1. Within the stretch A:26-64, work out how many residues are within 21 Å of the chain's Cα centre (by Cα) and touching a residue at least 24 places away in the same chain (Cβ under 8 Å).
2. Among the residues of the stretch B:81-110, write down those that are closer than 30 Å to A:S55 by Cβ, without any contact (Cβ under 8 Å) to a residue 24 or more places away in the chain and buried (at least 24 other Cβ atoms within 10 Å of the Cβ).
3. Limited to the stretch B:117-129, what total is found for residues that are crowded, with 17+ Cβ neighbours inside 10 Å, touching a residue at least 12 places away in the same chain (Cβ under 8 Å) and farther than 19 Å from A:L31 by Cβ?
4. Please work out which one of (1) surrounded by fewer than 22 Cβ atoms within 10 Å (Cβ to Cβ); (2) at the interface with another protein chain (Cβ under 8 Å from one of its Cβ atoms) is the condition A:R99 fails and give its number.
5. Any idea which residue in the stretch B:121-155 is farthest from the other protein chains (Cβ to nearest Cβ), counting only those that are assigned to a helix (DSSP H, G or I) and touching a Leu at 6+ places or on another chain (Cβ under 8 Å)?
6. Can you find a residue in the stretch B:72-81 that is more than 9 Å from every other protein chain (Cβ to nearest Cβ), modelled with pLDDT under 90 and assigned to a helix (DSSP H, G or I)?
7. Could you give me the residue pairs with C-beta distances under 9 Å whose first residue belongs to the stretch A:91-110 and is aliphatic (A, V, I, L, M), whose second residue is surrounded by fewer than 11 Cβ atoms within 10 Å (Cβ to Cβ) and part of a helix (DSSP H, G or I) wherever it lies, and which are 6+ apart or on separate chains?
8. State the number of residues belonging to the stretch B:82-96 that are in a helix (DSSP H, G or I), of a type outside the set (V, I, T) and either in contact with an Asp or Glu (Cβ under 7 Å, 6 or more places away or on another chain) or more than 8 Å from every other protein chain (Cβ to nearest Cβ) (or both).
Amino acid sequence: MISLNHFLAVGAVLFGLGLAGFLTRRNLITLFLCAELMLQGVVLNFLAFGRMHGSLNGQVFGLFIITVAACEAGLGLALFLMLYRRGRSLDSGIWQTLREQGVPAAVDSEALPTVVAEVHPVLTVAGRKPGVGTPAEGASRV
Amino acid sequence: MPTELSDPKLQLAFALALGALGAYLLLPKPKSRSVALGTFALVAALAILGIFVTQSFGQPIGELVPDVLFWLFSTGAVGFGALLVTQRNPARGAIAFAFVILSSCGLFLLLAAPFLMAATIIIYAGAIIVTFLFVLMLSNVKGPSNENDRSREPLLGSLAGFAFIGLILFALLQSQPAVASTDESGEAEFALPAPLLTKDDRVALRDVRTDLDAALATDDAKSVGEKAKSAHDKLAETIGGDGVTGRRKTVLERLRPLLGDSKNPSTHDPRLLAFAKQTLQLQRANDDVEVKYLMADAGRADKASLQKLRDEVTVYSGNGQLPARNVGNIGLLLYSEHLLAVEMAGTLLLVATIGAVAIAGRKKGDNS
């Protein structure tokens, strides 16, 4: 039988995943989605407790959380837009100049993997006679 | 004909024959292959097999469906949440987040919150579309980039997140012995929702409703009174309304030592308070029935009040299953108890809108 603790556990896991993502990810939009993930976990907790007590107050709390999430989304996306205009990047790491004095700068030690551009095969041009009497070219064709 | 159809052997044979036919029609071969007919036969076979199983081996669905749905939705929410956190591409992350929302909305529905489910789907559908727009507008990177392919302290961050999960789950584990214990009615103490009416009680209440329906269907005032009396007797028997016998006595006996002692921590147990509140509701319903019955006995029973009583009993019989009138009750609660909070939420939205415009608005002379 599904009990209160099952729902609480799911809420806790959602919150923890969102927390881990919020702490580590560097793309501002992913950060925003991780914060929303945490809010989902909290709403789940409220609803489960409300269901256990047989009252609707938990659902009312859920509605208010959605309201706050909407405010957060509006402000957050406006902030991202402004940051993007200034820095031309969604990377939160470029704003580490805002850190306090004495805090060491985070340095990306590992180099990003370089992607080798795909080499497309070059087809021989059709409709032209091959050069006659040039053995070097003939040898390279074979 | 219906008796023949309800014969389990016939059902089994029919289902198996239809299944074999469907499989034969669907198997690839050069001639006489029909996908439509074969699919239809297979679906019909499955349906008949389902009827056969439920009729012959009992109804497994009642307990099974919520369990299966819970595992499906919770696995979906957690799995897509993990995908969102670990996904490189923010657009794919937004899709994963959409699935997290859908799964958790399924969980909301299991928690008897249909209005919140609909509201969440509608609001987050818009939010996710806007997120997509932002990804398309702002994220024009090709190849590996700092923001998508690097994490800030991945080891410490994931340790922090999972340490949090561990903390919560450990706290839940500590409270587990209380969960496993059952009260004398054999129901788990932390079962969702707090148990008051047992299954038998609900069945009895539905019987009362049937009686009231019958009373409403008759025209003779005398027989209306008789039917209402029998409904009253059944209701009184169900909740132990008369004297000190029956269920009400046991309820009060269980509550009195707990509520009287202010040092007892379970005095503040909201579950217990809900229990007491529901008991009071039932008592009030029983008193209502008594009044109506007395009125009916005097030949003054009017059908409108009986109808109202019937509706109330219907709600009580569903008590503990699903809160009836979800939307209406949420609205009532919002604009009575939480009116101040509603106003504050509105103000918050207004301030957030102004703030968003002020932050994102392009200033004159700003060419960037």
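1. So the count comes out to 13.
2. Hits for the stretch B:81-110 are B:G81, B:F108.
3. 2
4. Among (1) surrounded by fewer than 22 Cβ atoms within 10 Å (Cβ to Cβ); (2) at the interface with another protein chain (Cβ under 8 Å from one of its Cβ atoms), the lone unmet condition for A:R99 is (2).
5. B:I121
6. At the first step, the residues of the stretch B:72-81 found to be more than 9 Å from every other protein chain (Cβ to nearest Cβ) are B:72, B:75-76, B:79-80.
Narrowing further to those that are modelled with pLDDT under 90: none.
Looking for residues that are more than 9 Å from every other protein chain (Cβ to nearest Cβ), modelled with pLDDT under 90 and assigned to a helix (DSSP H, G or I), one finds none in the stretch B:72-81, hence no.
7. Listed pairs, sorted by first residue: A:A105/A:T97.
8. The number of residues fulfilling the criteria is 4.
The values are calculated or read from the model by the stated rules, or taken from the named source; none is laboratory data. Remember, predicted model here, so these are calculated numbers, not experimental data. Every residue, glycine among them, receives a Cβ derived from its backbone with ideal geometry; neighbour counts consider all protein chains shown.
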